Amino acid sequence: MPGGTIAVVKGPRHMAAVWSLSVAAALAAGGCGSSSESGSSTQPADAPALSAEARSASAGDIPDNQVFLVLRNQPAGYSIKYPEGWTQIGSGKDVTFKDKNNLVHVVVVPGAAPTPRQAASQLARLKGSDRSLTVTIPPRLVTVKGKQMVKSGYSTESAPNPVTGKRVILLVDRYQLAANGKTATVDLGTPRGVDNVDAYRLMIESYKWL
């Protein structure tokens with residue numbers, strides 16, 4: 001693998017919320033502009049928004065005895081837990097985990113973490129490429145396991161299913177944090193009506209810089 005290796009090791013068992021799922025999800029293509037504000041450092045390229053695809057009605061419940069693995073991404077310089085059995089797409093600075101209708105997207109690029117105001121500007125720009133994007137949680141500073149992050153939330157709507165015509169609303173929690181001249185954007189997405197709070201909390205709490 002170019003630029004280094006990504007190692008996956010087994011982690012302990014954890015309790016996770018039961019998820020009732022109804023669609024498959026995939027990544028939208030990302031923008032590549034950067035932004036800056038007066039008196040602050042230049043910000044990294046915007047991470048693309050997650051977008052659902054209304055192609056499947058299959059469920060993807062996660063059992064209470066779900067095993068979590070640890071991704072040690074040496075090229076990007078971080079580790080994070082994710083459920084065993086999920087598919088990993090990409091490597092290095094841009095990695096996605098997916099299972100049926102759930103998505104976790106991690107992007108790491110050079111730069112400082114955005115302020116809440118800058119994060120709001122990034123989301124506004126993303127709406128230009130995804131008109132369905134709606135901010136559900138205005139960006140704000142939070143502390144997760146002693147690490148300061150900017151947290152925001154947004155939703156996106158899928159194109160209609162070609163057979164049923166139904167659309168899917170994907171709800172996403174976005175966390176942005178920085179260290180050692182790098183910033184990470186972690187998007188945790190799931191269809192509306194699904195309760196994955198506990199499992200996604202475990203994942204963002206497990207994020208560590210290497």
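The values are calculated or read from the model by the stated rules, or taken from the named source; none is laboratory data. If you're wondering where the values come from, they're calculated on a predicted model, not measured in any experiment. Heads up, the Cβs are rebuilt from the backbone with ideal geometry, glycines too, and the neighbour counts pull from every protein chain shown.
Computed values, structure above
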quantity: Criterion: more than 20 Å from the chain's Cα centre (by Cα) and at pLDDT 50 or above - qualifying residue of A76, A57; calculated: A57
quantity: In segment 155-210, residue farthest from the chain's Cα centre (by Cα) [restricted to those that are over 30 Å from Q74 (Cα atoms) and small (G, A, S)]; calculated: G165
quantity: In segment 127-142, the residues that are touching a Gly at 6+ places or on another chain (Cβ under 9 Å), surrounded by 14 or more Cβ atoms within 10 Å (Cβ to Cβ) and modelled with pLDDT under 95; calculated: S129
quantity: Test: V172 is among the aliphatic types (A, V, I, L, M) and exposed (fewer than 13 other Cβ atoms within 10 Å of the Cβ); calculated: no
quantity: Test for L69: is it surrounded by 14 or more Cβ atoms within 10 Å (Cβ to Cβ), touching a Lys or Arg at 6+ places or on another chain (Cβ under 7 Å) and at pLDDT 65 or above; calculated: yes
quantity: Segment 187-199, subset buried (at least 19 other Cβ atoms within 10 Å of the Cβ) and either in contact with a Lys or Arg (Cβ under 7 Å, 6 or more places away or on another chain) or in a helix (DSSP H, G or I) (or both), residue modelled with the lowest pLDDT; calculated: A199
quantity: Contacts under 6 angstrom Cβ, first residue in segment 40-55 being farther than 19 Å from L170 by Cα, partner among the hydroxyl-bearing types (S, T, Y) and modelled with pLDDT of 55 or more, 6 or more apart; calculated: P44/T183
quantity: From the options V186, V172, V197, V163, residue that is without any contact (Cβ under 8 Å) to a residue 12 or more places away in the chain and of a type in the set (A, V, I, L, M); calculated: V163
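Residues checked against (1) modelled with pLDDT under 95; (2) part of a loop (DSSP other than H, G, I, E, B); (3) out of contact with any Pro (no Cβ under 7 Å at 6 or more places or on another chain):
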| site | (1), (2), (3) |
| --- | --- |
| P160 | yes, yes, yes |
| V163 | yes, yes, yes |
| Y175 | no, no, yes |
| R201 | yes, no, yes |
